[in-house]
Every structure is written in C-alpha cells, then in structure tokens.
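First the structure, then my questions, so here it is.
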Amino acid sequence: MRTTAAALLIALSLTGLAACGDDEGDATGADGRKVAASTDDFCAAITDFASAAKNDDWSALRQAADRLEDAGLPKDAPDDAGDGYDVILEVVRTYDSNDEVEKNITDAQDDHVEALLTYTDDTCAQPSMAPNEGGSGPSDEPSS
C-alpha cells in the first residue's frame, strides 16, 4: 500500500490548486521555517511542485521544492501541516524515487504530510472544483 508521503507527488497533481488569499509577511517563524509573503505565493509554489511531480523527474521536483521553500508556508498553517511541509522538502532532497520514500517514511511523517494535503486542499483549491451544492448547473438551465 502506498503511503501518504509517497502518494503526495500524485495527490498534489490531482488536487485542483489555484492561488488564493493574500496574507502579508515575509519572515521566519519561531520554528525556523520561512513564512510566506502571501498565500498566493505558497499556492503558486505548491502548484508548480505538483506539476513537477506529474513528470516523475526528481531533478525538476527538487527545483520545485526549492521554489516551495523560497515561497514559504502561510503563517496560518497548522503546526502539523508545517511539519508535513518540512517532511516533503526533506524527502524530495533525500530520496530519488517514490519507492525509496515509501520504504523509508515513518507513520508520523506520513500523518504530517496528510495534514499538509488537507491544508493545501482547503487553502488552495479552486472554488469551481467544489461539488455543486444546489444540484443544478448551467446544463440544467433551459435554453433560450
């Protein structure tokens, strides 16, 4: 069974990501992690990371991880999502394939990555990707 961390590279590529929000700041948090200048920067960087993951090119993925680290994590991110952010940066730089990640990731790291996925989905998902709550859409409207 594929772990969450190993599956992150695929899961991020399947998540409808788009920039959102606009949190000000460009500092380092108490944990030493860079705080994103804006949520837009984080969402753009995580989207680039997901695009690089689609190609299974670890050199490009490492470059995307560098951009993600440069962008930082929004200050409102929960601690476990921040820990997941750190795990992703670490595993992309340490291992050379999803197989290696899957063999070496701990359950705790896996849980943190799951928290990052949840945070990313909540923070960066396109509103248009949400299910239609009303049950009707443009295709249900009568044509004129």
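The values are calculated or read from the model by the stated rules, or taken from the named source; none is laboratory data. Here the structure is a predicted model, which means the values were calculated and not measured.
Any idea which of (1) among the aliphatic types (A, V, I, L, M); (2) within 16 Å of the chain's Cα centre (by Cα); (3) modelled with pLDDT under 55 is the one Ala30 doesn't satisfy?
(2)
Might you let me know whether region 104-113 holds any residue that is outside any strand (DSSP E or B), β-branched (Val, Ile, Thr) and more than 13 Å from the chain's Cα centre (by Cα)?
Within region 104-113, one or more residues are outside any strand (DSSP E or B), β-branched (Val, Ile, Thr) and more than 13 Å from the chain's Cα centre (by Cα).
Among the numbered conditions (1) under 15 Å from the mean Cα position of the chain (by Cα); (2) charged (D, E, K, R); (3) at pLDDT below 90, tell me where Glu90 comes up short.
(3) is the only condition that Glu90 fails.
For (1) over 14 Å from Val113 (Cα atoms); (2) at pLDDT 50 or above; (3) not in a helix (DSSP H, G or I), each residue gets a yes or a no:
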{"residue": "Arg2", "(1), (2), (3)": "no, no, yes"}
{"residue": "Cys20", "(1), (2), (3)": "yes, no, yes"}
{"residue": "Asp23", "(1), (2), (3)": "yes, no, yes"}
{"residue": "Arg67", "(1), (2), (3)": "yes, yes, no"}
{"residue": "Ala81", "(1), (2), (3)": "no, yes, no"}
{"residue": "Asp86", "(1), (2), (3)": "no, yes, no"}
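Of the residues Asn55, Asn104, which is at pLDDT below 90 and at negative phi?
Testing whether each residue is at pLDDT below 90 and at negative phi leaves just Asn55.
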